[in-house]
Amino acid sequence: MNLDTNARNELLVRYKSRLQLGQATIREQYLANPDPFFLLNERSALIDGLLRDLWCEVKFPDSLALVAVGGYGRRELCPASDIDLLLLLPQTPDARLAELLEQLISLFWDIGLEIGHSVRTVEDCLTEAAGDLTVQTALVEARLLIGNTALFEKFESAFKKQLDPQAFFHAKRMEQDERYLRFEESPYSLEPNCKESPGGLRDLQSILWIAQAAGYGDSWKDLERHNFITHQEQLGLERRERFLQRLRIQLHLHVGRREDRLLFDYQTALAEQLGFEATPTRRASEQLMQEYYRTAKTITQLNTILLQNLGAAIFPSPEQTPQRINERFQNSHQLLDVAHEDVFNETPGAIIESFLIMQRHSELKGMTARTIRALWRARHMIDDSFRNDPENKTHFIQLFKAPRGVLHELRRMNQFDILGRYLPNFGAIVGQMQHDLFHAYTVDQHIMRVLRNLRRFSESEFAHEYPFCSQLISNFDRPWLLYMAAIFHDIAKGRGGGHSELGMVDAQEFCNSHGLTEEDAELVVWLVGKHLLMSSVAQKLDISDPDVISDFAATVKDERHLTALYLFSVADIRGTSPKVWNSWKGQLFEQLFNQTRRLLNSGGQVPVMQGIIQERQEESIRLLRYYAVPEKAHERLWNQLDTVYFLRHSTEEIAWHARALHYRTDSKQPVVKARINPHGDGIEVMAYTLDQRDLFARMVGFFSRAGFNIMDAKIHTTRHGYALDSFMLLDVSGRDKDRDMIQYIEHELTDRLTRCGKPEAPASGRISRQVKHFPIQPLVTIQADEKGVYFVLSVSAADRPGLLYTVAMTLAAHGANLHTAKIVTLGERVEDTFLITGGDLGESASRIKLETELLNQLKC
């Protein structure tokens, strides 16, 4: 390989042009007829030809071999895939050969080939493969391109002799388990990796690698020939593989580089390129992702089945007589096994029975490969006749009533498409993503997480997580009704219209057809219809208002419905996303539950307002005595406060304020006090100062710049013109140093309030990519409350830095006075409620002007 500069440059021009022209031609042909098999093979063939011709043209030594490995070895080159090469040598290279190899690699790169290369002897290959699974896997697919055939055959023979199918199987299973853990063991990520995520291309490749290592072939057709899959299953696997390959190819072409993550940035464009069209109720991207999730789910199912089948062949079990369970099932090595292959064909009802047996026999750790395979093949037998069979209905209800295994078996039924076939409306929401900025899971996975949360409430090992919920459910008769409501509460998502109301219809039909008593059916249907009620009341309304509690109690009617709704609401919100639930919300829910239960147990008699105030004052005085506050010291402050203050604040807050202010009621200097939230996470802040312009906006700006989210705000003005404002804060900066921040807040906020400067806008930040690519239309409404005293401002918008500050400044500009702020953050969405007065809000035109300005600000 002695090329002078001119010869090398001429060669580079020719091969670079050939590569670019070839790739452009393949791309054009693919876009005209998008067949992934064509592109993968044609790109491999193009690179094969380039490398062979280049090898010959530079007259490389005949003693070497150029070998394709990895994805290139199996002729699967996506547009941006690396070209994995092995330069196989007969012995360790001398200095001259090492220099030639460096020149060759440099030439590959200069032409425009993105290669991943290794230079090894046969002995090197064997040594590396023995200690590195990645190397071993790449060499499984080694393919000679050009060079020393005898050397390659020597390597191939030695490698196959060294490869232990059982050890390789174990290693690949462990590798898959670790990969699944990296992706939280779910194919349902909002932005999945179509290659590496569970249910991605890697799951299919793992099957074929193991099959190849064990001598069962390297294609789905080979697996059919060895009776691991049927012809129909072969076609199904090939169809799903083509979908993922086309998706990955399209992703590479769209991004222009190697990228396997289906980021929000790309989903809409990919959906349109793949022919999905938006409908009035669903985005094109949502349809694409549902197709992806369903494909990924099926692949995880088939991966489970095939790995078990291959494992059974690679590791023959020692002969052991199975233990008979009944005429249809047996226990084989602690796995549920069908008595024979045609059990489900002969007795279709055994499909649901198999899951009941798993619940009833704790010694069973899973299902045998042939049982899973038989279930998978029998799922098509679940039709209207099957659903209408009284015995099948009874068995299905029994699944919910079982003392153990409810979640595991319903999950297993969902995994193998049994649940979606028995409940067709459930099948319709399998893999359906919810781009509402706070659900992090598909609808079916969210439902399973709600069921998981409800089950955890009843299991002693999880009692420490939510002890109050565990206590309530332990005394709740027939908790299986809650599990049933979980299945139906979001089953109508994506149909258009109110999913709660539509879900009630489905639930009622199910309860009627499955023989539930009128009382049980009523509770299930009611929970489905009202599953959002407690969340809305606790987070958006003033639950210190007796009328709010009275109205809520009138809806729930009795303690059983209240308990059911509380348990369900906590499980539901916790099942939306890891980011949505926090201790502050838990505190609100528990407060609403306790106040409502107290009212229901009193016979529904709404307490007289004056009686409530007197009770809170007496309890506060008791707390003040505990802290040795002088008798009647509180009166100086309380004389300046009206009844609204005592209704909106808890006894702990009232006592805390009195302790801090009883000797500073007329202080000319601002008083700022902060403490750890006595009921959970977060910091509670009280600010007391002469009322001043833009006060709320200044404090909002300060808290935001300090890295805190305001969860709740109570704004009060005393009779003598002082602002007494309370805030509940959560640290969103990840410092986890609430105690250390108390002194900072007290000092810095006091300083800013003393200086009376202009409000400081929060530090600018980027909106999330999810908000950017799936924006929601902001909604703003201003309505008079039922008493005609206040106006309720409701804001629903995508969350972004400085949003609350924007609302505060807009209200200040219109002369509106803020009394309370309920801040509800749902993932990437906020639903905030403000109680306001002042300005000219009494005039309809002024309210419309304020609404319009807020909408314009929130759209920015």
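The values are calculated or read from the model by the stated rules, or taken from the named source; none is laboratory data. Since we're looking at a predicted model, the values are computed, not measured. For neighbour counting, all protein chains shown are included, and Cβ atoms are generated from backbone atoms with ideal geometry for every residue, glycine included. Accessible surface is based on the protein model in full, side chains and every heavy atom, while ligands, DNA and RNA are left aside. Shrake-Rupley method; radii C 1.70, N 1.55, O 1.52, S 1.80 Å.
Descriptive notes on the structure:
- Added length on full extension, which subtracts the Cα-Cα distance from 0.36 nm per residue, Arg173 to Ser513: 118.0 nm
- Theoretical FRET efficiency, 1/(1+(r/R0)^6), r = Cβ-Cβ of His464 and Glu184, R0 22 Å, to 0.05: 0.45
- Cβ-derived FRET efficiency at R0 56 Å, Ser157 paired with Lys365, nearest 0.05: 0.90
- In order along the stretch 90-97, the phi-based Karplus estimate (6.51 cos²θ - 1.76 cosθ + 1.60, θ = phi - 60°) of 3J(HN,Hα) comes to x, 8, 4, x, 7, 4, 5, 5 Hz; Gly and Pro are listed as x.
- Alpha carbon centroid spacing (whole Å) that separates the stretch 129-184 from the stretch 364-443: 37 Å
- Potential lengthening of the chain between Thr134 and Glu277 amounts to 47.5 nm, from the contour at 0.36 nm per residue minus the alpha-carbon distance.
- For the stretch 449-548, applying the loop criterion from DSSP together with a ceiling of 16 other beta carbons within 10 Å to the trypsin sites (Lys or Arg not before Pro) yields Arg495.
- Three principal axis lengths of the stretch 651-718 [C-alpha, angstrom, descending]: 31, 30, 16
- Taking the Cα centre of the stretch 820-860 as origin and assigning +1 to Lys and Arg Cβ atoms and -1 to Asp and Glu Cβ atoms, the resulting dipole is close to 60 debye.
- Residues whose placed amide H lies under 5 Å from that of Leu89, excluding near-sequence neighbours: Arg120, Thr121, Val122
- Charged neighbours of Tyr722, selected by a Cβ distance under 15 Å, balance to +3 (K, R count +1; D, E count -1).
- Area accessible to solvent at Thr837, 1.4 Å probe radius, in Å²: 30 Å²
- Shown is the FRET efficiency for Glu635 and Arg560, computed with R0 = 60 Å from the Cβ-Cβ distance and rounded to the nearest 0.05: 0.85.
- Cα gyration tensor shape of the stretch 171-327, rounded if a/c is under 1.5, else prolate or oblate by comparing a/b with b/c: prolate
- Summarising the label geometry, the points placed 7 Å from Cα in the beta-carbon direction at Lys579 and Leu3 lie 5.1 nm from one another.
- Zero-based 10 Å bins, Cα pair distances in the stretch 1-132, whole percents: 11, 40, 33, 14, 3
- Point-to-point label distance, Gln614-Asp35, nm (Cα→Cβ direction, 7 Å offset): 8.9 nm
- Sequence of Ser157, Ser186, Ser63, Ser620 from largest to smallest accessible area, 1.4 Å probe: Ser157, Ser63, Ser186, Ser620
- For Lys195, nonlocal amide neighbours, meaning residues 5 or more places apart or on other chains whose placed amide H falls under 5 Å from its own, are Leu201.
- The stretch 450-595 shape via C-alpha gyration tensor axes, a/c threshold 1.5: rounded
- For the stretch 98-125 and the stretch 18-79, distance of Cα centres in Å: 16 Å
- Total formal charge among the other residues, if their Cβ is under 13 angstrom from that of Lys557, Lys/Arg +1 and Asp/Glu -1: -2
- Radius 13 Å from Cβ of Thr92, net charge of other residues (Lys, Arg +1; Asp, Glu -1): -1
- Extension reserve of the Glu522-Thr92 stretch, reckoned as 0.36 nm per residue once the Cα distance is removed: 146.8 nm
- With a threshold of 19 Å on the Cα-Cα distance, the over-threshold entries among Lys673/Lys714; Lys579/Lys673; Lys297/Lys365 are Lys579/Lys673; Lys297/Lys365.
- Note that the stretch 630-645 has calculated 3J(HN,Hα) couplings of x, 4, 6, 4, 6, 5, 4, 6, 4, 5, 9, 10, 9, 5, 4, 4 Hz, one per residue in order, obtained from phi through the Karplus relation 6.51 cos²θ - 1.76 cosθ + 1.60 (θ = phi - 60°); glycine and proline are x.
- With DNA, RNA and ligands ignored, accessible area of Arg560 (1.4 Å probe; Å², nearest 10): 60 Å²
- Phi-based couplings in Hz for the stretch 329-338 (Karplus 6.51, -1.76, 1.60; Gly and Pro marked x): 9, 8, 9, 10, 6, 6, 10, 6, 10, 6
- Taking all protein chains as shown and a probe of 1.4 angstrom, Trp209 keeps an accessible surface of around 20 Å².
- For the stretch 59-155, the spread of Cα positions along each principal axis, largest first, Å: 34, 33, 23
- The residues of the stretch 150-297 expose on average 45 square angstrom of accessible surface per residue, using a 1.4 Å probe on protein heavy atoms.
- Cα-based shape type of the stretch 234-323, given that a ≥ b ≥ c are square roots of the gyration tensor eigenvalues and the cut on a/c is 1.5: prolate
- Across the chain, Cα pairs under 8 Å and at least six residues apart give a relative contact order of 7 percent.
- For the stretch 518-592 versus the stretch 673-699, the inter-centroid distance based on Cα atoms is 28 Å.
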